[in-house]
Amino acid sequence: MKKILFVASEADPFIKTGGLGDVAYALPQELAKLGEDVRVVIPKYKNISKKYSEELTFLKNFGTWVGWRNQYCGVFEGKVGNVTYYLIDNEYYFKRDGLYGYYDDGERFAFFNRAVMEMIKELDWKPDVIHCNDWQTGMIPVLYELQYKNDPFYSDIKTVYSIHNLLFQGVFDPKILGELFGWDEQQFNNGSLEFYGGVSFMKGGISYAHKVTTVSPTYAEEIKTPMYGEKLDGLLRSNSYKVMGILNGIDYTLNNPATDKLIYKRYTVDTLKDKKINKTKLQKDLGLPVDGKIPVLGIVSRLTPQKGMDLLVSILDRVLQEDVQLVILGTGDYGYEEHFKNLQSRYPNKVSANICFSNELAHKIYAASDIFLMPSLFEPCGLGQLIALRYGALPLVRETGGLKDTITPYNQYTGEGNGFSFANYNAYELETVINIALDFYKNKRAWNKLVRTAMKCDFSWNRSTELYEGLYDELIDITE
């Protein structure tokens with residue numbers, strides 16, 4: 001049995017803002033099913049889910065040094081499934097409405113990183129592997145190498161650092177090295193933490209962790225290039241010997257059209273006629289003409305440039321000249337929100353723009369859509385296309401990151417594939433592939449065969465968990 005400490009800034013079901021929270025729940029649960037002793041640690045934020053916060057047990061408190069400050073640190077414990085969760089308590093740092101975006105985020109997460117290192121000794125539980133995630137935990141591998149590894153208690157611990165989105169790097173004033181960590185400027189001057197005049201927590205994680213992972217094999221290669229590397233591509237190339245991509249999975253119990261209580265009519269790969277009921281009921285609820293034969297294009301997304309919204313904005317007027325309906329759900333940049341509202345006003349019988357967040361409506365759109373649009377500029381892994389496959393909404397994606405790893409374009413000659421794709425970030429290519437998909441939709445027998453193929457794809461956490469298991473085994477074997 002391996003002992004694994006999974007460190008993250010958020011974790012479902014306690015609190016989450018995005019995909020990291022999903023991974024910090026699903027991966028530890030799957031590892032625990034394989035018999036590992038997995039524990040997760042996150043900050044104890046103000047808005048932790050009330051259901052779970054009321055079940056927490058206080059374990060102990062101790063002082064944690066943040067530079068010259070000796071700060072209170074409380075540790076609470078909870079259990080979800082077979083996984084133990086620790087929540088680090090300090091109301092000065094974490095009793096706030098949001099999770100991120102404060103002027104003192106550098107100090108808040110410097111405290112959290114050191115508190116995690118102190119906590120394992122205070123609890124007398126030594127993990128074999130500390131698995132860190134994104135910039136908020138990037139200084140843990142640095143702390144381990146510079147301060148803790150020579151302490152007998154900490155010896156032989158291995159660190160893994162996972163990048164979920166390279167765009168957010170935790171860059172702060174270099175003064176924090178002395179102010180928050182009590183170090184001199186050596187780590188800044190030798191380049192291991194310095195990032196264009198600042199100090200980057202993410203660069204620290206990449207530089208000092210024993211292994212670096214990201215959330216798809218293609219993204220692991222893309223981030224070594226200037227186009228996707230966010231100015232860290234050189235560092236990643238020089239550390240390529242320890243960088244690998246492992247695809248995220250999705251929870252197939254939460255995303256299952258056969259058991260989903262949020263959709264209008266449950267269905268399986270053998271009852272596709274019931275999928276059409278989801279389409280007609282959604283059309284009725286959204287005020288669109290009710291017609292099960294009209295192809296429905298679905299978008300469930302943040303409305304940002306990363307998600308390819310500028311490509312869609314430039315072509316949708318032409319696409320909407322076809323016999324088609326478009327259903328959008330999401331929030332994001334004001335310009336995109338207004339554009340989709342304007343589309344709905346100009347095409348009231350073809351467009352439903354829902355500028356909000358609704359988990360229930362998202363499930364209904366996945367179940368009702370024929371084609372799911374995801375033309376991202378970059379996509380580390382992507383969950384939307386995996387959920388769409390599960391619900392038989394054929395993904396139409398750009399070949400980048402996890403989208404390229406999970407969607408194989410339909411081949412009309414061999415019948416292979418599970419969706420549609422285009423290579424270049426180009427509106428003409430996107431429009432061409434949408435037209436190909438709409439034309440193919442008219443061949444109902446071939447279309448339904450492709451839908452069944454998509455629904456049978458397995459992107460659950462099982463395979464990904466085995467790859468993480470192998471990574472941990474490799475690290476521990478190196479030690480032994």
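The values are calculated or read from the model by the stated rules, or taken from the named source; none is laboratory data. All values reported here derive from a predicted model rather than from experimental measurement. Because the Cβ atoms are built from the backbone with ideal geometry, glycine has one as well, and the counts that use them run over all protein chains shown.
Number of residues in the range 357-392 that are at positive phi and either modelled with pLDDT under 95 or assigned to a helix (DSSP H, G or I) (or both): the value is 1. With respect to the conditions (1) closer than 30 Å to G229 by Cβ; (2) loosely packed, with under 14 Cβ neighbours inside 10 Å, Y413 lacks only one, and its number is (1). For the range 210-234, the tally of residues that are surrounded by fewer than 21 Cβ atoms within 10 Å (Cβ to Cβ) and either out of contact with any Lys or Arg (no Cβ under 8 Å at 6 or more places or on another chain) or assigned to a helix (DSSP H, G or I) (or both) stands at 10. Does at least one position in the range 274-296 carry a residue that is of a type in the set (D, E) and within 18 Å of P375 (Cα to Cα)? The answer is no; no qualifying residue exists. Is it true that T253 is surrounded by fewer than 21 Cβ atoms within 10 Å (Cβ to Cβ), out of contact with any strand residue (DSSP E or B) (no Cβ under 6 Å at 6 or more places or on another chain), in a loop (DSSP other than H, G, I, E, B) and not aliphatic (A, V, I, L, M)? Considered against the rule, which asks whether it is surrounded by fewer than 21 Cβ atoms within 10 Å (Cβ to Cβ), out of contact with any strand residue (DSSP E or B) (no Cβ under 6 Å at 6 or more places or on another chain), in a loop (DSSP other than H, G, I, E, B) and not aliphatic (A, V, I, L, M), T253 comes out as yes. Among the numbered conditions (1) outside the structural domain of F195 (by TED's automatic domain parsing); (2) among the aromatic types (F, W, Y); (3) under 29 Å from Y468 (Cα atoms), the only one that Y241 does not meet is (1).
Between T268, T259, T280, the distinction of being in contact with a Pro (Cβ under 9 Å, 6 or more places away or on another chain), of a type in the set (S, T, N, Q) and farther than 18 Å from P380 by Cβ belongs to T268 only.
Residue count for the range 33-71 satisfying the condition of being of a type in the set (A, V, I, L, M, F, W, C), in a loop (DSSP other than H, G, I, E, B) and over 21 Å from the mean Cα position of the chain (by Cα): 3.
Among the residues of the range 161-172, is any touching a strand residue (DSSP E or B) at 6+ places or on another chain (Cβ under 6 Å) and of a type in the set (V, I, T)? Looking for residues that are touching a strand residue (DSSP E or B) at 6+ places or on another chain (Cβ under 6 Å) and of a type in the set (V, I, T), one finds at least one in the range 161-172, hence yes. Restricting the range 453-480 to residues that are touching a helix residue (DSSP H, G or I) at 6+ places or on another chain (Cβ under 8 Å) and surrounded by fewer than 18 Cβ atoms within 10 Å (Cβ to Cβ) leaves a set whose member that is nearest to K158 (Cα to Cα) is E469. Selection within the range 428-452: residues that are in contact (Cβ under 8 Å) with a residue 40 or more places away in the chain and aliphatic (A, V, I, L, M). The member of this set that is surrounded by the fewest Cβ atoms within 10 Å (Cβ to Cβ) is L438. Scan the range 24-81 for residues that are under 17 Å from I120 (Cβ atoms), touching a Ser or Thr at 6+ places or on another chain (Cβ under 6 Å) and among the acidic types (D, E) and the total you get is 1. For G287, the conditions (1) closer than 18 Å to K350 by Cβ; (2) out of contact with any Ser or Thr (no Cβ under 8 Å at 6 or more places or on another chain) all hold with the exception of (2).
When the criteria are applied in full, S162 fails the requirement of being of a type in the set (G, A, S) and more than 18 Å from F109 (Cα to Cα). Quick check, is V160 hydrophobic (A, V, I, L, M, F, W, C), modelled with pLDDT of 95 or more and within 22 Å of L180 (Cβ to Cβ)? In short, no. The residues of the range 1-27 that are within 13 Å of P43 (Cβ to Cβ), assigned to a loop (DSSP other than H, G, I, E, B) and either modelled with pLDDT under 95 or polar (S, T, N, Q) (or both), listed by number, are S9, K16, T17. Does S200 satisfy the condition of being at pLDDT 95 or above and either touching a strand residue (DSSP E or B) at 6+ places or on another chain (Cβ under 7 Å) or within 13 Å of M139 (Cα to Cα) (or both)? Criteria met by S200. Each residue in the range 115-145 was checked for being in contact (Cβ under 8 Å) with a residue 60 or more places away in the chain, over 13 Å from F201 (Cα atoms) and not acidic (D, E), and 11 pass. Cβ-Cβ distances below 8 Å connect no pair with a first residue in the range 314-338 that is on the phi > 0 side of the Ramachandran plot, a second residue that is assigned to a strand (DSSP E or B) and of a type in the set (D, E, K, R), and a separation of six or more residues or different chains. The residues of the range 261-309 that are in contact with a Gly (Cβ under 9 Å, 6 or more places away or on another chain) and without any contact (Cβ under 8 Å) to a residue 60 or more places away in the chain, listed by number, are K276, I277, T280, R302, L303, T304, M309. Taking helices (runs of 4 or more DSSP H) as the structural unit, those lying wholly within the range 397-458 and holding at least 2 residues that are over 25 Å from G249 (Cβ atoms) and among the polar types (S, T, N, Q) correspond to 427-441. Of all the residues in the range 161-196, those that are within 13 Å of S207 (Cα to Cα) and of a type in the set (F, W, Y) number 3.
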